[in-house]
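Here is the structure we will look at.
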Amino acid sequence: KKINDIKEGVDMQYHHAFPRILLFTLIGLALLLSAGCQQFGSQTPTGSKVSTFIGGQEGITFGFAEEQPPGTVLDGGEEEFFITLMMKNEGEHTVPIGGIVASLSGIVQSSFSITSMDAKSSFELYERSREGDVIIPGGEDLLEFGSASFQASLPGSTSFTLRADVCYAYQTLAVSKLCLKKDVLKKEVGQVCEMNNPTVGVENSGAPLHVGDVRQSTVGSSKVRVSFQVSNLGQGQVYRPNTFSTSCVGMENEKEQLDVRVYSPDKNFNIECSQLNNKDSGAIKLVGNKKDI
C-alpha cells in the first residue's frame, strides 16, 4: 500500500569539513500492503451499544529508528552505522512471522557495504485489542538491515536520500446483520426487520480496507440480493496476498487486487456472487480505490 503523502525528514545544511561526511535525508517512506481476505458476515446486531471492533483506518505504521541511520556519517569506511525500521501495528489483525518485507533504495548496496537491501520480519506483530474498557496497543518491533559503512572517499560532503518500501500482509473483518425469512416476499404484521433496506449497518475492524454502503433487496420468494462496497481508505496501494515474498518492489500487475470472502457464521444459506464466479470467495480489482460487489 503505497503512501502518497511522503513523510519528509529535516534537510539540514552542513559546512564542508575534514573528514568528509555523508548527509542522510530520510524523505522517502512508502508503504505497500499485501491485502488479506476482506470478510463480510452477520454477527453483530445493527445499533448494538457495544462495538464489535476498535476500528480505525490504519494497519502497520513505520519509520526509521532514531539515529539508524544517523544524520551524518564519515566516508572511507571510517564509521559503521545501522539501518533499522520501527514497526507498529495500529490495526486489528496480527501480522505473522515473515508477514513484513521491506526494501531500501536511494543508495548503492556495494558502496555502503550493506549485506542486503531487503529485510523480512522474524517476529509476530500483534493486533490492537480490547479488554473491557481498556484498549491494548498493538505490537511494536524493529526490522533490521544490519550494519553499513560508506567505503569510498569523497572530495567533499555529499547528501543521500534513503527510502524504505514496506509490504505487509493484512486482513479486514466486516460484520453486518441482514434480514432473512423463509418467504422473503411475504408481508407480516409486526415483522422484526425490513427485507428491502438501502442502509444496512456494518462494522469494520481496524485496517486500511473497509466494507461499506451495504444494501439488501428481495429478488424472488427465496432470494435476497446483498450489495456492498470494498474501499481502500488508507493512503497506499493494495496487492494480492503473497505478492511480495523476498523484496518489496515492482509487481505492478498485481496492484489494486485483493481477495474477498462472503460468509454466514451459521452456514445456513447459500451465497453466490457473479463477480466471484458464482462462488462466495475470489479476487477483485479496485477501480479508483473502490469496488461495488
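The values are calculated or read from the model by the stated rules, or taken from the named source; none is laboratory data. Not measured: the values here are computed from a predicted model. Here the Cβ positions follow ideal geometry from the backbone for every residue, glycine too, while neighbour counts run over all protein chains shown. Protein only, heavy atoms only, side chains kept; ligands, DNA and RNA dropped before computing areas. Shrake-Rupley method; radii C 1.70, N 1.55, O 1.52, S 1.80 Å.
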Task: R0 of 22 Å, Cβ-Cβ distance Val134-Leu233: FRET efficiency to nearest 0.05 - done: 0.30
Task: Nonlocal amide H pairs with Gly138, under 5 Å, H built at 1.01 Å - done: Arg128
Task: Sum of side-chain charges, Leu142 neighbourhood, beta-carbon under 14 Å (Lys, Arg +1; Asp, Glu -1) - done: -4
- [ ] Filter the cross-link list Lys182/Lys223; Lys267/Lys290; Lys187/Lys223 down to pairs whose alpha-carbon distance in this structure exceeds 18 Å.
- [x] Lys267/Lys290
Open item on the list: Sorting check: for 200-211, 140-151, 82-93, which peptide has the highest mean count of neighbouring beta carbons within 10 Å, and how do the rest follow?
Closed with: 200-211, 82-93, 140-151
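Multiplying the sequence separation of Asn242 and Leu185 by 0.36 nm and subtracting their Cα-Cα distance, what value in nm do you get?
Here the segment from Asn242 to Leu185 would lengthen by 16.2 nm.
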Open item on the list: Ranking request for peptides 130-137, 226-233, 154-161: highest mean number of other beta-carbon atoms within 10 Å first, then the rest in descending order.
Closed with: 226-233, 154-161, 130-137
- [ ] Take the Cα of Asn270, step 7 Å along the line toward its Cβ, and report every residue of the range 213-229 whose backbone nitrogen sits under 13 Å from that point.
- [x] 222-224
- [ ] Provide Cys273, Cys193 ordered by accessible surface of protein heavy atoms (probe 1.4 Å), highest first.
- [x] Cys193, Cys273
Open item on the list: Quick check: residue separation of Val249 and Gln151 times 0.36 nm, minus the Cα distance between them. What number comes out in nm?
Closed with: 32.7 nm
Open item on the list: At R0 = 30 Å, how high is the FRET efficiency between Ser51 and Leu142 if r is their beta carbon distance? Nearest 0.05 is fine.
Closed with: 0.40
- [ ] Work out, step by step, the length gained on full extension between Ser159 and Thr115: first 0.36 nm times the residue separation, then minus their alpha carbon distance; give nm to one decimal.
- [x] 13.7 nm
- [ ] Roll a 1.4 Å probe over the protein heavy atoms and report the accessible area of Asp183 in Å², nearest 10.
- [x] 70
Task: Area accessible to solvent at Lys291, 1.4 Å probe radius, in Å² - done: 60
TODO: Compare the peptides 167-177, 212-222, 101-111 by average per-residue count of other Cβ atoms within 10 angstrom and give them in order, highest first.
DONE: 167-177, 101-111, 212-222
Task: Estimated FRET transfer efficiency when R0 is 51 angstrom, pair Arg215-Glu66 (beta carbons, to 0.05) - done: 0.60
